[in-house]
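I have placed the structure first, in the form of structure tokens, so that the comments after it can refer back to it.
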Amino acid sequence: MNGETRYTIGELAHRTGLSVKTIRYYADRGIVPPTDRSPAGYRRYGPDAVARLELVRTLRDLGVDLAAIRRVVDREVPLAEVAAAHAEALAVQIRVLRLRQAVLTAAARRGGGAEQIELLHMLARLSGQERHRLVADFLDAVFDGLATTPAYPGIMRSLTPELPDDPSTEQVQAWVELAELAQDPDFRASMRRLVREYATDHDVPGLPRPDAVAVVRDAVAPALAAGLDPAGPEADSVISAVTARYAGLNASPDDADLRRRLLDRLDAANDPRRDRYLDLLAVINGWSTGGAVAPALDWFSRALRARMSEPAR
């Protein structure tokens, strides 16, 4: 002997916290071979065995297989190379797990049967090209005949979800719900009607102008914040301001016919699914949320209906 410290397998187990059985298994696999044997034939290990076992335990905790670990400890391959390969493998597994979690969460929320979960699973597994086709089909159906109008390509882009290459669980869940919503024929029809009415509001010569939804949203925001009763007299000034501005934008008199047309516009726009689509879009694209218009439209519609029997101001 050269005087270097030697440990029995029991001593090595005490120092590392690993079981004797585990150390013996690693020794039999050639990962932590004994330095020599005692006169009685028992395995003995040098000081480097402690460091080697700590590295083995760390790599095993990180999911590295034993074959790769042996190549690392024997210096056949650099540790960085093995770490990079396993990090990429874990990234793939994480993406798969996120998809599974998104599907199961959506299925649990909806309470659907086998067909529902199969649909959700299919939507979650779509490739980037398949996702693009699904969204393009939805937007083509909504903007049919209007896509070449100057302002509409920009609007269509603003309604396009772009799921990142490494999405979060929340983004995957949002995509699954948005994709399901985009395939709903009733929602498509509702959005198509809204787009047509938006186009009608803008079919007036002159500079670009806000549509009915924007006019109502901006005017009603202070009333909502103040908690005004839409049926109370304090709402009169809000109604007058909105109908007067909408009449001016459309070069029409502020009369009962205009107010009925305005209500029709708001009824078409006041679809909670529209706000939901925009919220999901914001999650997928990493945008800020909070742009729901339904509360303002609902407040104004109730206020205007309460006054429809009154003469136009």
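Can you pull the percent of the chain's accessible area that's carbon plus sulfur, 1.4 Å probe, other chains left in place?
Values: 9240 of 17140 Å².
It is 54 percent, rounded to a whole number.
To the nearest 10 degrees, how steep is helix 185-202 against the longest Cα principal axis of the chain, on a 0 to 90 scale? On a 0 to 90 degree scale, this one is about 50. Inter-label distance, residue 95 to residue 199: 3.8 nm, where each label sits 7 Å from its Cα along the C-beta direction. So, in nm, how far is label residue 306 from label residue 252 when the simple model puts each one 7 Å beyond its Cα toward the Cβ? Label-label distance for residue 306 and residue 252, simple model: 2.4 nm. Note that the chain presents 55 Å² accessible area per residue, ligands and nucleic acids not counted, probe 1.4 Å. Using the Cβ of residue 232 as centre and a radius below 12 Å, the other residues enclosed give a net charge of -1, where K and R count +1 and D and E count -1.
Going by a ≥ b ≥ c, the root eigenvalues of the Cα gyration tensor, does region 198-287 fall in the rounded group (a/c under 1.5), the prolate group (a/b larger than b/c) or the oblate group? Oblate. Other residues whose C-beta falls under 13 angstrom from the C-beta of residue 18 contribute a net charge of +3, scoring Lys and Arg +1 and Asp and Glu -1.
Evaluating 6.51 cos²θ - 1.76 cosθ + 1.60 at θ = phi - 60° for every residue in region 36-53, the Karplus couplings come out as 7, 10, 6, x, 8, x, 7, 5, 10, 10, x, x, 5, 5, 5, 5, 5, 5 Hz, glycine and proline recorded as x. The angle separating the long axis of helix 114-124 from the principal Cα axis of greatest extent in the chain is about 80 degrees. Once you put a point 7 Å from the Cα of residue 140 and another 7 Å from the Cα of residue 104, both along the Cβ direction, what distance in nm separates them? Taking the two extended label points, one gets 3.7 nm.
Residue ranking by accessible heavy-atom surface, 1.4 Å probe, largest first, among 24, 100 comes out as 100, 24.
The GNM of the chain, with springs linking C-alpha atoms under 10 angstrom apart, assigns the highest mean-square fluctuation among 16, 243, 105 to 16.
Which value, in debye to the nearest 20, gives the size of the charge dipole of the chain about its Cα centre, when Lys and Arg are +1 and Asp and Glu are -1 at the Cβ? List each step's numbers first, then the result.
Values: 41 positive and 44 negative charges, 271 e Å.
Taking the Cα centre of the chain as origin, the dipole is about 1300 debye.
The values are calculated or read from the model by the stated rules, or taken from the named source; none is laboratory data. Every value quoted in this text rests on a predicted model; they were computed, and no experiment measured them. Cβ atoms come from the backbone with ideal geometry, glycine included; neighbour counts cover every protein chain shown. Remember, those area values only see protein heavy atoms, side chains included, never the ligands or the DNA or RNA. Shrake-Rupley method; radii C 1.70, N 1.55, O 1.52, S 1.80 Å.
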